[in-house]
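The values are calculated or read from the model by the stated rules, or taken from the named source; none is laboratory data. As the structure is a computational prediction, the values presented were derived from the model and not from experiment. Neighbour counts are summed over all protein chains in view; Cβ atoms, including those assigned to glycine, are modelled from backbone coordinates with ideal geometry. Note: areas computed on protein heavy atoms with side chains; ligands, DNA, RNA excluded. Shrake-Rupley method; radii C 1.70, N 1.55, O 1.52, S 1.80 Å.
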Amino acid sequence: MRLACLLLLLAAAQPCTAFEISNFKAGLACTNTTLNDQSGWVCHETREIFVTDQGRCVYNGERRLCTWTGFEFDYRSDQDGVTLQCGTTLSKPATFGNPGEVLEEDTTSHAFELELSGKHGHFFNPMYYVFSLREPGTPPMVDTMTCRFDGEVVFTYTFNVHSPIAKPGTDVVRPNQ
């Protein structure tokens, strides 16, 4: 019993990192057409994402038509360099990738980390949905992302991703993210 009490006291004495975010926004992004440009911002907060062929992006080394989305927030911590553990869950299988490569195919979830520099700042994360078509009568894809710090949820959001409905006789392509 004494050992258990001592371990409990030692665990309680460990320093705790204070971390908070503010001004969180998610939705359509106004940005340059490269993921390396951090000057963009969430210009239309929304849950409803209508994928069009109006944006340009690079996916898996190829130029593609896409719709830009993203999220942004201000953060403050008492520690330099915080890492968030994030994951996204989809209502139907898709392929996850980035400008250089395909990361996962035919999956409904994807985990990743976000590294924040310094003790405070602003973070903008541009993302895109590659233009694709869906079968008539199928619902939009639901995309929910959650990020945690030290096991605690710091933010979560959901997008309802409306890909265009295919015209009869058109091949349907699975959505890429």
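Report yes if Gly27 is under 22 Å from Val161 (Cα atoms), open to solvent by less than 50 Å² (accessible area, probe 1.4 Å) and in contact with a Pro (Cβ under 6 Å, 6 or more places away or on another chain), otherwise no.
On the way: under 22 Å from Val161 (Cα atoms): yes; open to solvent by less than 50 Å² (accessible area, probe 1.4 Å): yes; in contact with a Pro (Cβ under 6 Å, 6 or more places away or on another chain): no.
When the stated conditions are applied, Gly27 does not pass them.
May I ask you to verify whether Leu28 is farther than 22 Å from Gly100 by Cα, at pLDDT below 95 and not in a loop (DSSP other than H, G, I, E, B)? Write out each step before concluding.
Working: farther than 22 Å from Gly100 by Cα: yes; at pLDDT below 95: no; not in a loop (DSSP other than H, G, I, E, B): yes.
No.
In summary, Tyr75 fulfils each of the numbered conditions (1) touching a residue at least 60 places away in the same chain (Cβ under 8 Å); (2) in a strand (DSSP E or B) with the single exception of condition (1).
Checked against (1) over 17 Å from Lys25 (Cα atoms); (2) touching a Ser or Thr at 6+ places or on another chain (Cβ under 9 Å), Leu114 meets all criteria but (1). Within region 60-67, can one find any residue that is open to solvent by 50 Å² or more (accessible area, probe 1.4 Å), modelled with pLDDT under 95 and touching a Pro at 6+ places or on another chain (Cβ under 9 Å)? No, that holds for no residue.
A single entry from Pro126, Pro99, Pro93 fulfils the requirement of being part of a loop (DSSP other than H, G, I, E, B), in contact with a strand residue (DSSP E or B) (Cβ under 9 Å, 6 or more places away or on another chain) and at negative phi: Pro99. Spot the failing condition for Thr170; the list is (1) at pLDDT below 95; (2) of a type outside the set (A, V, I, L, M, F, W, C); (3) assigned to a strand (DSSP E or B), and only one is missed. Among (1) at pLDDT below 95; (2) of a type outside the set (A, V, I, L, M, F, W, C); (3) assigned to a strand (DSSP E or B), the lone unmet condition for Thr170 is (3). Of Thr88, Thr52, Thr67, Thr83, all but one fail to be in a loop (DSSP other than H, G, I, E, B) and of a type outside the set (Gly, Ala, Ser); the exception is Thr52. The condition of being touching a Lys or Arg at 6+ places or on another chain (Cβ under 8 Å), open to solvent by 40 Å² or more (accessible area, probe 1.4 Å), farther than 22 Å from Glu62 by Cβ and among the β-branched types (Val, Ile, Thr) holds for Thr108.
Answer with yes or no whether Leu116 is open to solvent by less than 40 Å² (accessible area, probe 1.4 Å), modelled with pLDDT under 95, at negative phi and among the hydrophobic types (A, V, I, L, M, F, W, C). Against the criterion (open to solvent by less than 40 Å² (accessible area, probe 1.4 Å), modelled with pLDDT under 95, at negative phi and among the hydrophobic types (A, V, I, L, M, F, W, C)), Leu116 does not qualify.
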